[in-house]
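Below: one structure, written as structure tokens.
The values are calculated or read from the model by the stated rules, or taken from the named source; none is laboratory data. Note that the structure is predicted; figures quoted are calculated from it, not measured. All Cβ positions, even for glycine, are placed from backbone atoms using ideal geometry, and neighbour counts span all protein chains on display.
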Amino acid sequence: MILAKNISKIFNNIPAVNDISFEVKESHTMVLLGTSGCGKTTTLKMINRLIEASSGKIFINGKDIFSDKPEILRRNIGYVSQNNGLFPHFTVAENIAIVPKLLKWDQQKIIKRTKDLLHQLKLPAQEYANKYPDQLSGGQKQRIALARALVSDPPVLLMDEPFGALDPITRAGIRKEFLELPELKRKTVLLVTHDVQEAFELGDEICLMDKGSIIQTGTSEELIFKPANDFVRNFFSHQRLQLELSSLKLKSVWEELPDANFSEKAEMNSNYSFWEAMEILSEKKLEHLGVVNENDQTRKTVSLAVIQAAYLKIKQNI
Amino acid sequence: MEQQQSLWQFMAQQSDKLLDQTITHIGLTCISLLIAVAIGLPLGIWIAQRNKAAWIVLGIAGILQTIPSIALLGFMIPLLGIGSLPAIAALFLYALLPVIRNTYTGITGVDPAITESARGMGMNKWQVLTSVELPLAMPVILAGIRTATVINVGVATLAAYIAAGGLGEFIFGGIALNNTNMILSGAIPAALLAIILDFLLSLIQKTNLKRMRKVAVVLPALLILLSSFYIFPNAQKKMLGGFTPEFMGREDGYLGLKFKYKLNIPTVVISDAVMYKAAFEKKIDVISGYSTDGRLKAYDLVTLVDDQTIFPPYYAAPLVRQEMLNKYPELEPALDLLSGQINDSIMTELNYRVDYLKQLPEKVALDFLMDKKLYKQPQNGSAGTIRLGSKIFAEQYILINMYKMLIEGNTNLKVVTRTGLGGTKICFDALTNNEIDLYPEYTGTGLLVILKPTKTQLDQIIGSREKVFNFVKKEFQDQYELNWLKPIGFNNAYALMMRRSQAQSLKIKTITDLKVYSDKNSK
């Protein structure tokens, strides 16, 4: 859990971040969203004290972050920096081993953990452990950067535009992997991005920032359907339909979905958004598809028609 | 004398000296480099985090770099005396800029995303520096060290001027003696040394990034190893001679001292520019001076009597291209005006005013001509241009200033001066290559350095002033179409000199006395 209370950062008398407060709940992902220069990266870096807050209080899992030396604090926070930040003169395995070595793990434990992580990220250790970052593709580098942040199993993860350097296609693929990583589901994540689509896909909550202040905090659904002001409304005006469909989850209309025909394989779960469901249907050229509810394992069916009807109904109710 | 030696023969014959000089050269280069790295690297790291300090430190190092190397060596003498210490200090200052600048550039050039992620993972400042910044900056830092190495191998040749040894002894000796083999015996090993050291460092630089981490250990080890070949010159011996590179290689110099007088004292090679002062400061005891040098008076030195006459007469006279004398007949009478006007004591006095009282040679020349009523206002003529050359010492500056005034006052000719032509060889080559038209030369130098007569020829003429003058006048006219005009009057011969106090207390008056004393004390 991350709790920020009234934090500010002033550079040369100009406030970059102006008295903001937020909370990231245990195992949740919060996205700091905004345009360049809105203070989102500064906010993120104040959490691991790469930038020292000018005022305010920050707690991680109840502990004041200013009570330890910054180095000690950072070793217990996973950090993925912009442009991956891999050490070019370290191999993949050495890059991953940086934090464990700082924490003085024994060699066997480091090797085993590295192997496990690389396996999870679909980069077999045999093939990749001794490669240098230059020998990897952009997507592979990003996975290693993620592995490096996850290796010591920190409860909290900070990510600064983690997919910023990737092309849109690789980016979408990695995001999907990211969402499906079991390791990540348990983590409290604070992620910075300027990409609205990315924020909607990854964020349990989104914190929209502008000029150093938080304009609105909420789920993607709240932000798009209940904008606090014109700024929020205008921020999402581009691609509004796609964003609306992305913000709506199948589970929110679960009761309205028709029951499943059990011969159908369930290819989706109820956490999928309307948009993702439509994409899969159109990609597979199917009329309808089974969905499984993660909570109670009940099954339903979705089709484009059902989604459209549900969407129109929601729009009417606003 | 003897037939031309080949370069190989010379090098083989001088192999002991050559090896000794090469080791000294490597030692000077590596020790200074090691100190430069030991100080420049931390300094570069320090300024990489402080922009203001960076500006100041790089500025100062840059200014040091622009000081001409010989001048820097000169500055070192009042502070550190002569020998290897000031040489190493000067070389160190030269190596400093490339080391600091490349360390600074290397470290500030590391991608900030990488250092930030290093800090973000919990590395402290020291860990970021040693595991990230230094290894990534190492190729740039090594490039700086390579630059510094090559610079130092070059500049270290100048160390010979301040008695620190090295390959410069051959180079400058060779230039002074017009001995190409000797020049090459110093220059070729120096060039090879630069290439080899640069190559060795390039091997380190080419190793991949991973192994780069080991460079931090290998490089200092390599430098220390190379430096260890070099042993600092032994502590002061009882009676130490300090001779110019030219004197060391001349028959009428050190070779003659050894051959005729059987004088055998330990010696160091030193530049004429600092020799007198070094003798005065008791760094050395016996020097090879010139008998009219003003510093003789300034530093209270006495000349030892050449009782077995190994030093031939050195009467100064203008050496002129015959072509110019034919073209401008008015030139010779103007130059002859000075003939017979200056004897030894007048010349010593004039030199003293320039060398010690720091009066300008122009002023000294003007005062003298006024005094002798030889000065005339320049005619600002345009009949032609005469180019005057001079070697680099006060006497020559004074003489060519006098000649300039005489020519411009008595003829319609214009004069340009090319001062500071290193030594005899450079002046003489400039003359024969039609770069200058005249310079003041000494009969003994013309005889022994340029003409190099056979031993029999030499024995016939060496004792007589007139015979030497007539011999060089005839030979120069025949061989080079150069004309020796009438001598000015004084005899600036080589002489051995000692501090007056020491010479008196040891009762040394002649070179034979010196030999007897040194033989007695070396046993």
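Do the conditions hold for B:Ile63, that is, is it in a helix (DSSP H, G or I), in the same structural domain as B:Leu193 (by TED's automatic domain parsing) and free of Cβ contacts under 8 Å to residues at least 24 places away in the same chain? Considered against the rule, which asks whether it is in a helix (DSSP H, G or I), in the same structural domain as B:Leu193 (by TED's automatic domain parsing) and free of Cβ contacts under 8 Å to residues at least 24 places away in the same chain, B:Ile63 comes out as yes. When B:Gly409, B:Gly389, B:Gly422 are checked against the criterion of being buried (at least 22 other Cβ atoms within 10 Å of the Cβ) and not charged (D, E, K, R), B:Gly389 stands alone in meeting it. One residue stands out among those in region B:425-444 that are of a type in the set (A, V, I, L, M) and over 18 Å from the mean Cα position of the chain (by Cα): the one that is surrounded by the fewest Cβ atoms within 10 Å (Cβ to Cβ), which is B:Ala430.
Considering only region B:447-455, I want to know if a residue exists there that is within 17 Å of B:Thr309 (Cβ to Cβ), in contact (Cβ under 8 Å) with a residue 24 or more places away in the chain, in contact with a Leu (Cβ under 8 Å, 6 or more places away or on another chain) and assigned by TED's automatic domain parsing to the domain that holds B:Arg295. Looking through region B:447-455, none of the residues is within 17 Å of B:Thr309 (Cβ to Cβ), in contact (Cβ under 8 Å) with a residue 24 or more places away in the chain, in contact with a Leu (Cβ under 8 Å, 6 or more places away or on another chain) and assigned by TED's automatic domain parsing to the domain that holds B:Arg295. Any residue that is within 13 Å of chain A (Cβ to nearest Cβ), of a type outside the set (Lys, Arg), in contact with a Lys or Arg (Cβ under 8 Å, 6 or more places away or on another chain) and within 30 Å of A:Pro154 (Cβ to Cβ) - is there at least one of those in region B:136-143? Looking through region B:136-143, none of the residues is within 13 Å of chain A (Cβ to nearest Cβ), of a type outside the set (Lys, Arg), in contact with a Lys or Arg (Cβ under 8 Å, 6 or more places away or on another chain) and within 30 Å of A:Pro154 (Cβ to Cβ). Scoring B:Gly463 on the criteria (1) at pLDDT 90 or above; (2) in contact with a Pro (Cβ under 9 Å, 6 or more places away or on another chain) leaves a single failure, condition (1).
Name the residue, out of B:Val150, B:Val99, B:Val140, that is out of contact with any strand residue (DSSP E or B) (no Cβ under 8 Å at 6 or more places or on another chain), buried (at least 22 other Cβ atoms within 10 Å of the Cβ), in a helix (DSSP H, G or I) and in contact (Cβ under 8 Å) with a residue 12 or more places away in the chain. Steps first, please.
Details: B:Val150 fails: buried (at least 22 other Cβ atoms within 10 Å of the Cβ); B:Val140 fails: buried (at least 22 other Cβ atoms within 10 Å of the Cβ).
B:Val99 is the lone residue from the list that is out of contact with any strand residue (DSSP E or B) (no Cβ under 8 Å at 6 or more places or on another chain), buried (at least 22 other Cβ atoms within 10 Å of the Cβ), in a helix (DSSP H, G or I) and in contact (Cβ under 8 Å) with a residue 12 or more places away in the chain.
Among the residues making up region B:120-135, those that are in contact with a helix residue (DSSP H, G or I) (Cβ under 6 Å, 6 or more places away or on another chain), at the interface with chain A (Cβ under 7 Å from one of its Cβ atoms) and either of a type in the set (D, E, K, R) or not in a helix (DSSP H, G or I) (or both) are B:Met121, B:Gly122, B:Asn124.
Is it the case, given these coordinates, that B:Gly122 is over 30 Å from A:Val99 (Cβ atoms) and of a type in the set (Gly, Ala, Ser)? For B:Gly122, the condition - over 30 Å from A:Val99 (Cβ atoms) and of a type in the set (Gly, Ala, Ser) - is not met.
Scanning region B:451-498 for residues that are surrounded by 20 or more Cβ atoms within 10 Å (Cβ to Cβ) and charged (D, E, K, R) yields nothing.
Of A:Val92, A:Val99, A:Val24, which residue is at pLDDT 90 or above and within 20 Å of A:Glu205 (Cα to Cα)?
Values: A:Val92 fails: within 20 Å of A:Glu205 (Cα to Cα); A:Val99 fails: within 20 Å of A:Glu205 (Cα to Cα).
Exactly one of A:Val92, A:Val99, A:Val24 is at pLDDT 90 or above and within 20 Å of A:Glu205 (Cα to Cα), namely A:Val24.
Among the residues of region A:158-174, the ones that are closer than 24 Å to B:Gly122 by Cα and away from chain B (no Cβ under 14 Å) come to 1 in all. Checking A:Ser247, A:Ser213 one by one, the residue that is crowded, with 19+ Cβ neighbours inside 10 Å, touching a residue at least 24 places away in the same chain (Cβ under 8 Å) and not β-branched (Val, Ile, Thr) is A:Ser247 and no other. Inside region A:175-195, residues that are farther than 24 Å from A:Phe235 by Cα and either outside the structural domain of A:Gln82 (by TED's automatic domain parsing) or not basic (Lys, Arg) (or both) make up a count of 9. From the list A:Ala277, A:Ala305, A:Ala260, which residue is of a type in the set (Gly, Ala, Ser) and over 28 Å from A:Lys185 (Cα atoms)? Residue meeting the stated conditions: A:Ala305.
Take the residues in region B:108-117 that are surrounded by fewer than 24 Cβ atoms within 10 Å (Cβ to Cβ) and part of a helix (DSSP H, G or I); name whichever of them is farthest from the other protein chains (Cβ to nearest Cβ). Steps first, answer last, please.
Of all residues in region B:108-117, those surrounded by fewer than 24 Cβ atoms within 10 Å (Cβ to Cβ) come to B:108-116.
Restricting the remaining residues to those that are part of a helix (DSSP H, G or I) gives B:108, B:112-116.
Working: B:Thr108: 17, B:Pro112: 9, B:Ala113: 5, B:Ile114: 5, B:Thr115: 9, B:Glu116: 6 Å.
Looking at residues that are surrounded by fewer than 24 Cβ atoms within 10 Å (Cβ to Cβ) and part of a helix (DSSP H, G or I), I get B:Thr108.
Does B:Lys363 fit the bill of being assigned by TED's automatic domain parsing to the domain that holds B:Met405 and at pLDDT below 90? Walk me through how you get there before you give the answer.
Values: assigned by TED's automatic domain parsing to the domain that holds B:Met405: yes; at pLDDT below 90: no.
No; evaluated as a whole, the condition is false for this residue.
Being among the hydrophobic types (A, V, I, L, M, F, W, C) and farther than 25 Å from B:Gly420 by Cα is the filter here, so list the residues in region B:358-376 that pass it. So that I can check it myself, show each step before the final result.
First, the residues of region B:358-376 that are among the hydrophobic types (A, V, I, L, M, F, W, C): B:360, B:364-366, B:368-370, B:374.
The answer is B:Met370, B:Leu374.
Can you confirm whether B:Ala90 is over 19 Å from the mean Cα position of the chain (by Cα), more than 13 Å from chain A (Cβ to nearest Cβ) and within 23 Å of B:Ile141 (Cβ to Cβ)? Working first, answer last.
On the way: over 19 Å from the mean Cα position of the chain (by Cα): no; more than 13 Å from chain A (Cβ to nearest Cβ): yes; within 23 Å of B:Ile141 (Cβ to Cβ): yes.
The answer is no for B:Ala90.
Among B:Thr105, B:Thr29, which is the only one that is more than 14 Å from chain A (Cβ to nearest Cβ), in a helix (DSSP H, G or I) and either crowded, with 24+ Cβ neighbours inside 10 Å or small (Gly, Ala, Ser) (or both)?
Residue meeting the stated conditions: B:Thr29.
A count restricted to region A:1-48 and to residues that are in contact with a helix residue (DSSP H, G or I) (Cβ under 9 Å, 6 or more places away or on another chain) and charged (D, E, K, R) stands at 2.
Let me confirm something: among B:Ile462, B:Ile436, B:Ile407, which residue is within 23 Å of B:Tyr480 (Cα to Cα) and in contact with a Leu (Cβ under 7 Å, 6 or more places away or on another chain)? Don't jump to the end; show me each part of the working.
Working: B:Ile462 fails: in contact with a Leu (Cβ under 7 Å, 6 or more places away or on another chain); B:Ile407 fails: within 23 Å of B:Tyr480 (Cα to Cα).
Result: B:Ile436 is the single residue among B:Ile462, B:Ile436, B:Ile407 that is within 23 Å of B:Tyr480 (Cα to Cα) and in contact with a Leu (Cβ under 7 Å, 6 or more places away or on another chain).
Every test in (1) touching a Phe, Trp or Tyr at 6+ places or on another chain (Cβ under 9 Å); (2) surrounded by fewer than 19 Cβ atoms within 10 Å (Cβ to Cβ); (3) more than 10 Å from chain B (Cβ to nearest Cβ) is passed by A:Tyr132 save one, and that test is (3).
This table checks each residue for (1) part of a loop (DSSP other than H, G, I, E, B); (2) among the aliphatic types (A, V, I, L, M); (3) touching a strand residue (DSSP E or B) at 6+ places or on another chain (Cβ under 8 Å).
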{"site": "B:Glu435", "(1), (2), (3)": "yes, no, yes"}
{"site": "B:Gly444", "(1), (2), (3)": "no, no, yes"}
{"site": "B:Gln477", "(1), (2), (3)": "no, no, yes"}
{"site": "B:Lys486", "(1), (2), (3)": "yes, no, yes"}
{"site": "B:Lys515", "(1), (2), (3)": "no, no, no"}
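Taken over region A:135-157, the criterion of being hydrophobic (A, V, I, L, M, F, W, C) and away from chain B (no Cβ under 11 Å) is satisfied by A:Leu136, A:Ile144, A:Leu146, A:Ala147, A:Leu150, A:Val156, A:Leu157.
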